[in-house]
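The values are calculated or read from the model by the stated rules, or taken from the named source; none is laboratory data. Since this is a predicted model, take the numbers as computed values, not measurements. Methodologically, a virtual Cβ is constructed for each residue, glycine included, from the backbone with ideal geometry; neighbour enumeration extends over all protein chains shown. These area figures cover heavy atoms from the full protein model, side chains too; ligands, DNA and RNA do not enter into them. Shrake-Rupley method; radii C 1.70, N 1.55, O 1.52, S 1.80 Å.
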Amino acid sequence: MSLQINNISISINENMNVVRNIVAKKLRIKESEIRNFRIVKESIDARRKGKICFVYSVLIDVYSDEEKIFNRLNGKNIALIQPKKQEAVCPGTEKMLYRPIVIGSGPAGLFAGLFLALKGYRPLILERGSDVEERTKKVHHFWKTKELDVETNVQFGEGGAGTFSDGKLTTRIKDTRCQMVLEELVDAGAPPEILYQGKPHIGTDQLKTVVKNIRNRIIELGGEVRFHSKVTDIGIKNNHLHSITINNEEKVSCSVAVLAIGHSARDTYEMLLQRRIGIVQKPFSIGVRIEHPQRVIDISQYGDYAGHPRLKAADYQLVYKSQDRTCYSFCMCPGGIVVAAASEYNSIVTNGMSELARDRENANSALVVSVGPNDFRDSHPLAGVQFQRQWERLAFQIGGGRYSAPIQRVDDFLQGKPTKSIAKSTIKPSYTGDVTPTDLSKCLPPYVINTMKDGLKYFNKKIKGYAAPDVLMTGVETRTSAPIRIPRSDVGEAVGVKGLYPTGEGAGYAGGIMSAAVDGIRMADEIIKKYAPLD
């Protein structure tokens with residue numbers, strides 16, 4: 001048994017090292033009686049701007065009787081904890097004809113591959129794009145020259161779309177595998193603080209190293225990782241997966257595959273549909289990236305403590321609900337930049353990115369509105385994809401071509417008139433490319449525009465200056481989540497196809513790095529439970 005002590009508050013000017021002493025006093029024991037001490041959660045209480053505090057939960061073992069201490073304190077902000085461990089998955093007995101294949105190396109694919117490798121299944125991971133080192137060069141080349149590689153970009157390549165983001169690890173799912181993901185990330189080089197921070201993040205600069213280290217570990221465990229290897233076809237025989245084709249030329253026998261393709265693999269969706277894999281429409285959200293000076297957000301959240309050395313760049317989360325739509329902030333990147341994230345020619349897609357330090361001048365976030373099947377043109381399974389394409393291509397056109405993103409000031413947006421210039425704006429756009437002042441209503445649906453206007457007015461009441469006149473909005477943000485879901489059975493297989501395991505965000509079962517990684521482990525577990533390890 002361990003003791004978990006919650007709601008330990010210290011002032012912003014106190015060092016976290018005092019927490020151990022506070023715990024001892026609260027338990028009425030000496031510090032020397034604490035055998036093990038671990039912080040399990042750290043959060044910031046900024047509700048009172050004049051008295052910002054850090055709040056901790058800690059887990060300890062003592063040399064004396066934990067239960068006696070618990071009873072003495074009547075259970076207030078203290079709990080007896082039986083350490084939770086993920087139950088070991090016992091390998092099955094069915095013989096695997098060929099080594100398992102993992103299609104895609106985003107969070108879902110990497111963690112599925114890692115956990116299969118840890119259990120002796122020696123997976124083959126196939127990635128359509130390049131490794132993270134080459135990928136970084138190609139992405140920066142696109143930002144500089146506007147020469148897009150449709151196979152290696154912000155969406156495709158080792159690490160998935162999350163590699164060029166903020167590396168946020170927050171999630172609403174409750175799964176013991178979350179802790180497993182965090183521990184593996186730390187082992188691969190992520191900051192140890194992610195194990196207890198209330199809103200952990202890695203930052204795109206650190207995430208690239210972490211991804212590379214996970215890849216190398218998979219290889220050390222007997223797995224193989226191949227880049228520039230797009231799965232262009234799958235073979236199904238008697239309702240069972242029996243082969244895959246790589247780059248339209250190499251056919252590989254395969255009876256078990258994790259399909260972790262990411263939310264932008266539109267050509268792969270089309271191939272799956274041709275092979276009669278079930279695909280259904282799914283809601284998602286579209287909108288823009290909105291930029292504020294980070295200082296404005298810091299002051300709003302921290303008051304006079306804005307800029308305090310113990311406080312990092314502030315974030316926010318905002319939601320506005322109308323009768324039939326929801327407008328909300330998404331993927332907020334403190335101290336970050338807006339990035340060009342296209343994966344198809346003649347399209348504009350934006351995303352946000354922050355490094356670990358989050359020390360850039362601007363804060364940016366997606367400002368998006370929910371859309372769903374009723375907004376799509378028809379009932380075709382990929383109608384959501386075409387809906388995304390429509391607005392991405394319009395954004396490209398009104399941006400003037402050459403991947404220049406359309407941009408508009410908030411005051412012009414609210415008044416329904418085009419922005420003619422941002423030269424005198426106090427906010428400088430951080431977009432990794434050129435921008436064109438224009439009218440965003442030309443590249444987003446009217447109901448999205450109207451809901452965003454209402455949302456901006458509401459959010460301005462929550463954060464002073466949120467809808468200030470020269471705040472900038474860059475379009476368009478369309479890849480908030482997959483526009484489809486691939487139905488799967490209770491054991492994770494695609495409905496009607498044995499051996500194919502749709503996984504992660506691209507299959508419609510996750511919404512971020514953490515939930516995608518967890519889903520990858522979950523599908524690895526299903527495979528392990530059924531099949532015996534390779535000889």
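If you go through region 46-58 and keep only what is surrounded by 14 or more Cβ atoms within 10 Å (Cβ to Cβ) and among the charged types (D, E, K, R), you end up with just 49.
So which residues in region 19-36 are more than 19 Å from residue 198 (Cβ to Cβ) and open to solvent by 50 Å² or more (accessible area, probe 1.4 Å)? Residues satisfying the conditions are 20, 21, 25, 26, 28, 30, 31, 32, 33, 35, 36. Summed over region 347-369, residues that are β-branched (Val, Ile, Thr), assigned to a strand (DSSP E or B) and in contact with an Asp or Glu (Cβ under 8 Å, 6 or more places away or on another chain) total 2. Is one or more of the residues making up region 426-448 at pLDDT 95 or above, open to solvent by 60 Å² or more (accessible area, probe 1.4 Å) and of a type in the set (Ser, Thr, Tyr)? Yes, region 426-448 has at least one match.
Scanning region 142-186 for residues that are open to solvent by 20 Å² or more (accessible area, probe 1.4 Å), within 18 Å of residue 105 (Cβ to Cβ) and of a type in the set (D, E, K, R) returns 149, 151, 184.
When we screen 297, 286, 290 for residues that are modelled with pLDDT of 95 or more, closer than 25 Å to residue 413 by Cα and part of a helix (DSSP H, G or I), the only hit is 297. Of the strands (runs of 3 or more DSSP E) lying entirely inside region 78-139, those containing at least 1 residues that are buried (at least 16 other Cβ atoms within 10 Å of the Cβ) and at pLDDT below 95 span 78-81. Does residue 359 fit the bill of being out of contact with any Ser or Thr (no Cβ under 6 Å at 6 or more places or on another chain), within 18 Å of residue 477 (Cα to Cα) and open to solvent by 30 Å² or more (accessible area, probe 1.4 Å)? No: the conditions fail for residue 359. Can you find a residue in region 248-263 that is farther than 30 Å from residue 122 by Cβ, part of a loop (DSSP other than H, G, I, E, B), open to solvent by 20 Å² or more (accessible area, probe 1.4 Å) and not aromatic (Phe, Trp, Tyr)? Checked region 248-263: no residue is farther than 30 Å from residue 122 by Cβ, part of a loop (DSSP other than H, G, I, E, B), open to solvent by 20 Å² or more (accessible area, probe 1.4 Å) and not aromatic (Phe, Trp, Tyr).
Checking each residue in region 370-384 for being touching a residue at least 40 places away in the same chain (Cβ under 8 Å), part of a helix (DSSP H, G or I) and under 19 Å from residue 326 (Cα atoms) picks out 373, 375, 384. Pairs are defined by a Cβ separation below 7 Å, a sequence spacing of at least 6 or placement on different chains, a first member in region 167-186 that is more than 26 Å from residue 351 (Cα to Cα), and a second member that is open to solvent by 40 Å² or more (accessible area, probe 1.4 Å) and among the charged types (D, E, K, R); the pairs so defined are 176/84; 177/522.
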